[in-house]
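Visitor: Below: one structure in structure tokens.
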Amino acid sequence: MLTRLLALSRYFTIVAVFGILLASAALLVYEGLVVMTALFEAATSGAISSKLAKVLAVGLIEAVDIFLIAIVAHMIGLGLYRLFVDPELPLPAWLKLRDLDDLKNNLVSSVIAVLSVLFLREAVGWDGQRDLLRFGGALALIISALTLYLVAKGRKD
């Protein structure tokens, strides 16, 4: 009886799965509305300038950052569902998961992409006031550590 109860406890993961998928959907819809609103305001303002182009470029990069985070959350939700609830859930070839380590590796790779986009956003929007070199150096250290983690995990497999 205890064994069966413990085996069924894996379904508690559904709470996390639905929470993550709901948050992902909310981020995607919200950021989609933000992008549409920004484009509408830019189109109806009648102003055309390099400053407005830079503002739009920074806004686009920020949107890409939010979209990436939402997509990563979606991947995590699907991955948890497949690992804990339904191992037969059809996923795209690039999202094949055998175990929790595969899911963590996908997450780490995605974090590296999000951090890179974060730096790009800061570089494009740089106004000369902030210390971009220190910020970039700190991100480079984090990305290097995460890459080292991925390389070390790859050697063990």
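The values are calculated or read from the model by the stated rules, or taken from the named source; none is laboratory data. Computed from a predicted structure; not experimentally measured. Every residue, glycine as well, gets a Cβ built from its backbone with ideal geometry; the counts of neighbours run over all protein chains shown.
Visitor: Please identify the pairs in which a residue from segment 69-89 that is closer than 26 Å to VAL117 by Cβ and free of Cβ contacts under 8 Å to residues at least 40 places away in the same chain has its Cβ atom under 8 Å from the Cβ atom of a residue that is surrounded by fewer than 20 Cβ atoms within 10 Å (Cβ to Cβ) and among the hydroxyl-bearing types (Ser, Thr, Tyr), counting only partners at least 6 apart or on another chain.
Guide: Hits for this filter: MET75/SER110.
Visitor: Name the residue, out of ALA23, ALA42, that is under 26 Å from TRP126 (Cβ atoms), part of a helix (DSSP H, G or I) and of a type in the set (A, V, I, L, M). Can you show your working first?
Guide: Numbers: ALA23 fails: under 26 Å from TRP126 (Cβ atoms).
After ruling out the rest, the residue left standing is ALA42.
Visitor: Separate question: I'm trying to understand the selection: among the residues of segment 115-128, which are more than 16 Å from the chain's Cα centre (by Cα) and either surrounded by 15 or more Cβ atoms within 10 Å (Cβ to Cβ) or modelled with pLDDT of 85 or more (or both)?
Guide: The initial filter retains those residues of segment 115-128 that are more than 16 Å from the chain's Cα centre (by Cα), namely 122-128.
If the condition is that a residue be more than 16 Å from the chain's Cα centre (by Cα) and either surrounded by 15 or more Cβ atoms within 10 Å (Cβ to Cβ) or modelled with pLDDT of 85 or more (or both), then GLU122, ALA123, GLY125 are the ones that fit.
Visitor: May I pose another question? Go through segment 99-155 and report how many residues are assigned to a loop (DSSP other than H, G, I, E, B) and either without any contact (Cβ under 8 Å) to a residue 12 or more places away in the chain or of a type in the set (Asp, Glu) (or both). I'd like the intermediate steps shown before the answer.
Guide: Restricting attention to segment 99-155, the residues satisfying the condition of being assigned to a loop (DSSP other than H, G, I, E, B) are 99, 125-131.
Those still in the list that are either without any contact (Cβ under 8 Å) to a residue 12 or more places away in the chain or of a type in the set (Asp, Glu) (or both) too: 99, 126-131.
Residues in segment 99-155 being assigned to a loop (DSSP other than H, G, I, E, B) and either without any contact (Cβ under 8 Å) to a residue 12 or more places away in the chain or of a type in the set (Asp, Glu) (or both): 7 in total.
Visitor: Look at segment 67-98 and say how many of its residues are aromatic (Phe, Trp, Tyr) and either buried (at least 17 other Cβ atoms within 10 Å of the Cβ) or in a loop (DSSP other than H, G, I, E, B) (or both). First the steps, then the outcome.
Guide: Taking segment 67-98 and keeping what is aromatic (Phe, Trp, Tyr), we get 67, 81, 84, 94.
Next cut, either buried (at least 17 other Cβ atoms within 10 Å of the Cβ) or in a loop (DSSP other than H, G, I, E, B) (or both) only: 81, 84.
Residues meeting the conditions: 2.
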